[in-house]
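Peer 1: Mind looking over this structure? Questions follow.
The values are calculated or read from the model by the stated rules, or taken from the named source; none is laboratory data. Model, not experiment: these values are computed from the prediction. So basically every Cβ, Gly included, is an ideal-geometry build from the backbone, and we count neighbours across all protein chains shown. We work out accessible area using only protein heavy atoms, side chains counted, and drop any ligands, DNA or RNA first. Shrake-Rupley method; radii C 1.70, N 1.55, O 1.52, S 1.80 Å.
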Protein chains: 2
Amino acid sequence: MRLSYSLLLGLEVDGVLSERQKLILSAVVDNYIQSAEPIGSRSIAKRNDIGFSPATIRNEMADLEEMGFLIQPHTSAGRIPSNKGYRYYVDHLINPQGIKISKDVLNNIRKIFTEQFNEFEQVIEQTATILSEITNYTSIILGPEIFNTKLKHIQIIPLADNSIIVILVTNTGKVEHKTLTIPKGVSSDEIERLVNFLNSKLVGVPLYQLKSKIKSEIYQEFITNFNNYERSMAIIDQLFIDLDQDSDNKVYVGGATNILNQPEFNDLEIIKDIFSLFERTDEVKQLIKPNNKGIEVRIGTENNLETASNCSVITATYEVDGESIGTIGIFGPTRMNYSRVIRILEYLADDFTQFFTRLYK
Amino acid sequence: MRLSYSLLLGLEVDGVLSERQKLILSAVVDNYIQSAEPIGSRSIAKRNDIGFSPATIRNEMADLEEMGFLIQPHTSAGRIPSNKGYRYYVDHLINPQGIKISKDVLNNIRKIFTEQFNEFEQVIEQTATILSEITNYTSIILGPEIFNTKLKHIQIIPLADNSIIVILVTNTGKVEHKTLTIPKGVSSDEIERLVNFLNSKLVGVPLYQLKSKIKSEIYQEFITNFNNYERSMAIIDQLFIDLDQDSDNKVYVGGATNILNQPEFNDLEIIKDIFSLFERTDEVKQLIKPNNKGIEVRIGTENNLETASNCSVITATYEVDGESIGTIGIFGPTRMNYSRVIRILEYLADDFTQFFTRLYK
DNA sequence: ATTAGCACTCACTTAGTAAGAGTGCTAATA
DNA sequence: TATTAGCACTCTTACTAAGTGAGTGCTAAT
């Protein structure tokens, strides 16, 4: 009776597969990514780069299943990759750098950055759209992070008797504007003095530090400089009240409907779950927030999100001065074309880094 | 042999139905709106406000079908309203003013406007969300129209050596900002002079007139006032290039996933069509752009949009000084709770009008 | 004018059957 | 010993047939 080769050889250590097993795992994943159908031994044997009979492949597949890399949906079906299988595939079997991205696609990407108007929100929106078009998955982009964003300027424009528009400009080119209602009896002179004071004190401070800085350093000086300081403090509190929440870096989702073209999502309940996930911005942020700089791949349950348990997320960070300031992500089924998406995100993150660096300098 | 009552009586004129026919049509529509199932004569007869036997009702229904108000999905099914039936129902059989909106719902609406921060984009976003929640349909809101928006102020903030942020503030409180790259060799002095000049000339001009005004009046004075006028003109052209397109009044969509809860949209192809429609902003705008002030109901094919041919759109305009400046809309199946939605939109449009009027004055 | 009665239609459900893809095991082979 | 051919077995999918039930239209009675 035949025993599992790898068990016999003591090779069941995670991550160590024979060359033939790698070849077969790779074939299964490649094929499944392309067809979305379970693949059987005969089909694999037909691939010209494999010189074994279906029977041999069946044996190896049984082993790979035993080790948890493959799954059999039902007895008489072929095999599909498990999450562990995808993980191994991504970690050991692909080489994104070897992927050729077509000229057309590259041109599409470049086009984004050569537009006359470089308002960065437009750039991000357009990127979200184009990225979803060239990948056929859903793109999710996290705007420049407040964490690395510093206040550059405060500006005030009176709008009417008792309301003003306050404009906060940051070093990344982001412009925040709010309409404030001011208490009766506050003169425009007083407002102007206040703004000048704030400008002199707060320019250059990272947004997320603004409130603590105000509390620790500004209030004191305030009391000595402004006779009616309580009123002014109320205005300031209004001004910065929701600035340090990271609800501030916007999420841009593009091509959500691409999900609908994936055969694994032809179930209405699943669709409902995913689309309503997209409407819950906070969860989307959690989903694509990376742990480190560079490319990151989270497969299925690694997303820690029930709804996305058979989805994968690939993210790339973009940077200014070596500091990651935002994330570009792709959301799709675990059955995703990992190498191509990784390659495209590498390109794009690079372009984003250049773009924001140019904007910043 | 029995002939159609209305034909016998010469009453087949559009819009003229006997009281009993109205009662039955009304019953069919009401019931279908609630259940999404075709309704038969027996069920209608059971309703306590109708004192006729199923047979009589069957006869009337056959007449209503002949006249095009009802449809029979197949021989042995009950009847459902046709688009013409819905139209008659909306025009003659409902009385939205009589609808009571629950305190909870009203409070939800009021809450939107009592938030501290009245930045209007936030207000609209929140409205889109809440409106979709209280109606269980999809809400589409068209932001204040550029058409009635005038330039209030131009402001410049230098961002880096060769780029500036230009901020355009409008009378509705809208703030447009763009990052511009300026040609080498243009001094900040020159920019400032330019801005002062533009401010003195263009404040108060409706945005959609900006370009023509520049062409007709400004360029001339320009040539006399600025020695290097060609360069300045290039900057101005950059500045206003996409302002007069109405791509400018943003569309806000809320609760798109509510579509998925409607039984008539349990087909993946339809879902795909509708969601990708939502991603095509321009078409969405077309869809909810009203022809007149006030409430407007477009049923099914009246939308002139294949994809939305079994959807209805109800819109309400909001105004400042009697001028309509934007639209609040509800998108749902033709089988929509018209009276309730109309009532809610009336409330909301009123609040919007008040809100923007307050902002404007 | 209205209604009871009845034959008829048609979608929907359930059960049963046949086809096909793929497997695992055994025995033969290099 | 590693590989492969052969074969019985499993399980999904597609298809067909029969049965059910809701609702109709027509006829005849009230």
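Peer 1: Looking at region B:123-157, which of its residues are more than 9 Å from chain A (Cβ to nearest Cβ) and open to solvent by 30 Å² or more (accessible area, probe 1.4 Å)?
Peer 2: Listed by number, the residues that qualify are B:Glu125, B:Gln126, B:Glu133, B:Asn136, B:Glu145, B:Phe147, B:Asn148, B:Lys150, B:Ile156.
Peer 1: Let me ask something additional. Please count how many residues of region A:72-90 are of a type in the set (A, V, I, L, M), within 16 Å of DNA strand D (Cβ to nearest atom) and surrounded by 17 or more Cβ atoms within 10 Å (Cβ to Cβ). Spell out the reasoning first.
Peer 2: Taking region A:72-90 first, the residues of a type in the set (A, V, I, L, M) are A:77, A:80, A:90.
Those still in the list that are within 16 Å of DNA strand D (Cβ to nearest atom) too: A:77, A:80.
Next, from what is left, pick out any that are surrounded by 17 or more Cβ atoms within 10 Å (Cβ to Cβ): A:80.
Of the residues in that region, 1 qualify.
Peer 1: For region A:116-170, list the strands (runs of 3 or more DSSP E) that sit wholly inside it and hold at least 1 residues that are among the aromatic types (Phe, Trp, Tyr) and modelled with pLDDT of 95 or more; which are they? Walk me through it before giving the result.
Peer 2: Numbers: elements: A:138-142, A:151-160, A:163-170.
Strands (runs of 3 or more DSSP E) meeting the threshold: none at all.
Peer 1: Here are some residues: B:Glu283, B:Glu296. Which one is within 14 Å of chain A (Cβ to nearest Cβ) and under 14 Å from the mean Cα position of the chain (by Cα)? Before you say what the answer is, go through the steps one by one.
Peer 2: Details: B:Glu296 fails: within 14 Å of chain A (Cβ to nearest Cβ).
Result: B:Glu283 is the single residue among B:Glu283, B:Glu296 that is within 14 Å of chain A (Cβ to nearest Cβ) and under 14 Å from the mean Cα position of the chain (by Cα).
Peer 1: Okay, moving on. I'd like to verify a number: residues in region B:187-209 that are at pLDDT below 75 and more than 22 Å from A:His177 (Cα to Cα), how many? Lay out the reasoning, then the answer.
Peer 2: The first filter runs over region B:187-209 and keeps only residues at pLDDT below 75, leaving B:206-209.
This time we only want the ones that are more than 22 Å from A:His177 (Cα to Cα), so: B:208-209.
Summing the residues that are at pLDDT below 75 and more than 22 Å from A:His177 (Cα to Cα) in region B:187-209 gives 2.
Peer 1: While we're here: Residues in region B:323-335: is at least one touching a Cys at 6+ places or on another chain (Cβ under 9 Å), polar (S, T, N, Q) and open to solvent by 10 Å² or more (accessible area, probe 1.4 Å)?
Peer 2: So in region B:323-335, the residues touching a Cys at 6+ places or on another chain (Cβ under 9 Å) come out as B:331-334.
After this cut, where a residue has to be polar (S, T, N, Q) as well, the list is B:334.
Subset that is open to solvent by 10 Å² or more (accessible area, probe 1.4 Å): B:334.
Among the residues of region B:323-335, at least one is touching a Cys at 6+ places or on another chain (Cβ under 9 Å), polar (S, T, N, Q) and open to solvent by 10 Å² or more (accessible area, probe 1.4 Å), which makes the answer yes.
Peer 1: Show the residue pairs meeting these rules: Cβ distance below 6 Å; 6+ apart or different chains; first residue within region B:46-66 and touching a residue at least 40 places away in the same chain (Cβ under 8 Å); second residue within 10 Å of DNA strand D (Cβ to nearest atom) and in a loop (DSSP other than H, G, I, E, B).
Peer 2: Correct list of pairs: empty, since none qualify.
Peer 1: Kindly evaluate A:Leu359 against the criterion of being closer than 18 Å to A:Leu106 by Cα and open to solvent by less than 20 Å² (accessible area, probe 1.4 Å).
Peer 2: Working: closer than 18 Å to A:Leu106 by Cα: no; open to solvent by less than 20 Å² (accessible area, probe 1.4 Å): yes.
So A:Leu359 fails the test.
Peer 1: List, please: which pairs have Cβ atoms under 8 Å, are six or more places apart or on different chains, and start with a residue in region A:18-43 that is within 11 Å of DNA strand C (Cβ to nearest atom) and end with one that is in a helix (DSSP H, G or I) and open to solvent by 50 Å² or more (accessible area, probe 1.4 Å)?
Peer 2: Hits for this filter: A:Asn31/A:Ser43; A:Ser41/A:Arg58.
Peer 1: Right, A:Ala62: under 16 Å from A:Tyr32 (Cα atoms) and either within 11 Å of DNA strand D (Cβ to nearest atom) or part of a helix (DSSP H, G or I) (or both) or not?
Peer 2: Working: under 16 Å from A:Tyr32 (Cα atoms): no; either within 11 Å of DNA strand D (Cβ to nearest atom) or part of a helix (DSSP H, G or I) (or both): yes.
No.
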